[in-house]
1. Given the residues 299, 350, which is the only one that is in contact with a Ser or Thr (Cβ under 9 Å, 6 or more places away or on another chain) and buried (at least 22 other Cβ atoms within 10 Å of the Cβ)?
2. Find all pairs meeting these conditions: Cβ atoms under 7 angstrom apart; at least six residues apart or on different chains; first residue within region 162-178 and within 14 Å of residue 196 (Cα to Cα) and open to solvent by 10 Å² or more (accessible area, probe 1.4 Å); second residue at pLDDT below 95 and not in a helix (DSSP H, G or I).
3. Could you list, in sequence order, all residues of region 71-90 that are of a type outside the set (Gly, Ala, Ser) and either open to solvent by less than 10 Å² (accessible area, probe 1.4 Å) or modelled with pLDDT of 90 or more (or both)?
4. Restrict the check to region 249-267 and report whether at least one residue is under 27 Å from the mean Cα position of the chain (by Cα) and in a loop (DSSP other than H, G, I, E, B).
5. Tally the residues that are outside any helix (DSSP H, G or I) and under 13 Å from residue 62 (Cα atoms), restricting the search to region 147-180.
6. Is there a residue in region 388-399 that is open to solvent by 10 Å² or more (accessible area, probe 1.4 Å) and in a helix (DSSP H, G or I)?
7. Out of curiosity, is residue 329 over 11 Å from the mean Cα position of the chain (by Cα), outside any loop (DSSP other than H, G, I, E, B) and crowded, with 19+ Cβ neighbours inside 10 Å?
8. For residue 186, only one of the following conditions fails: (1) part of a helix (DSSP H, G or I); (2) under 23 Å from residue 269 (Cα atoms); (3) not basic (Lys, Arg). What is its number?
Amino acid sequence: MKCLMKGKWQRNMIRLSPPQLLAAGFMLMILIGGLLLKLPAAGTEHVSWIDAFFTAVSATTVTGLGTVDIGSTFSLFGEIIIMVLVQLGGLGLMTFAVMALIMLGRKIGLKQRLLVQEAFNQTSIGGIIRLVRTLFLFSIIIEGIAFLLLSERWVPEYGWSKGMYYSLFHTVTAFNNAGFSLWPDNLARYVGDPVVNIVISGLFIIGGLGFTVLIDLWRKRDFRSLTLHTKLMLVGTFIINLSAMGLIFVMEYGNQRSFGGLSLHEQLFGSLFQAVSPRTAGFLTIPTSDLTVSSILLIMVLMFIGAGSASTGSGIKLTTFIVVLLTTISFLKGKDEVVIFRRTIRKATILRSLAIIVVSLLFVLVSLFLLTMTENKPFLSLLFEVLSAFGTVGLTLDLTPHLTTPGKIIIMGLMFIGRVGPLAFAFIFATRKSSAVKYPEEDIFTG
């Protein structure tokens, strides 16, 4: 009987599509994480079921939103669970599963390769296993270097054990673009600290570029020979970060609540950190609620755009935004093709980018509509919370701890959708069919 049930379960698993299996993997991690965080040993005080699972979802989806202060609510055991969930959620459960199979000398089957392809948003399964192996090694090296640099800063301040633990925790959460911090004010106490600012922001910028970009840079190291995706990510990241930093500095320069009392170098560091963090990192050195409405609006746009494909971040992805922007410019110029860096962008890529934005907007709008019914809070705070959850960012206008139970469930669902990917989530319930039947064309008036 057991063999029959096992065989039936395996057949059902085989029938699942890669997006469905990917979502199932995240749900399994959330379930285990929530149960572990509910254990008495995981908390220093009582943690409700909804708060335990909210924290598990936030950690697994590498978001950083919290209904409770993790530094005071959870014990060392609970914090380690959160850190493990962040690491698994950031690099992906399939990365560790494939590495385990490699170490055991097991053969990697087609199903596993398709799952890795879906998890890393790759166009083909060629070189997938080599990608996983390189990514795993690269991640260990980057996190190791950052851990040593932060230990050099925090061990003298907090002692060996606490300093090293704080360094490890923030290294893992920063590289995986999760905004969890062990301090109640996040990183506000280090607004002008060069080591903390450079190392932490460097970690989530590297993690947000995307693993395929990092590997492409490692192998080629020459801009002209890089793939078009890598070129767009590098140029786009530089422009958007620099522009956001300049805008935030100008908009906050006369704001006494944010920049008041800060020296010039602290204002510059604060502007840089707040400019790069919203693209899914979620750390802060200046309280978001102290910023001007203009800066908050800019941050919401950055949260929606997000990081790069195949990265630890979410959002619609920077390349998606760039493709749609370039398509719009080409249309306005009367061009039939979208060309950048002497390369033509495929029509399928343009259609996929448009679909991602439309589906993402639908998820955001529906979630916002539901929150307006469950939460009696300002509209700006609700919109900010929704975009932060969808982009798996972790920033809040002090709304997350005050959410009602239905509101927490809505945000949990949105964090899950944001991490799995809006299109991948839609494909879970949709059946993709291609039809050989062609119909006559006819114009529709638009605009």
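The values are calculated or read from the model by the stated rules, or taken from the named source; none is laboratory data. Nothing here was measured: the structure is a model prediction, and the numbers come from that model. Cβ atoms come from the backbone with ideal geometry, glycine included; neighbour counts cover every protein chain shown. When the accessible area is computed, the model is the full protein with side chains, heavy atoms only, and any ligands, DNA or RNA have been set aside. Shrake-Rupley method; radii C 1.70, N 1.55, O 1.52, S 1.80 Å.
1. 299
2. Note: pairs meeting the criteria are 166/182.
3. First, pick out the residues of region 71-90 that are of a type outside the set (Gly, Ala, Ser): 73-74, 76-77, 79-88.
Matches in region 71-90: 73, 74, 76, 77, 79, 80, 81, 82, 83, 84, 85, 86.
4. yes
5. Applying the first criterion (outside any helix (DSSP H, G or I)) to region 147-180 yields 159, 176-180.
The next check asks that each one be under 13 Å from residue 62 (Cα atoms); those that pass are 176-180.
Number satisfying all stated conditions: 5.
6. Taking every residue of region 388-399 in turn, none turns out to be open to solvent by 10 Å² or more (accessible area, probe 1.4 Å) and in a helix (DSSP H, G or I).
7. Numbers: over 11 Å from the mean Cα position of the chain (by Cα): yes; outside any loop (DSSP other than H, G, I, E, B): yes; crowded, with 19+ Cβ neighbours inside 10 Å: no.
No: the conditions fail for residue 329.
8. Status for residue 186: all satisfied but (1).
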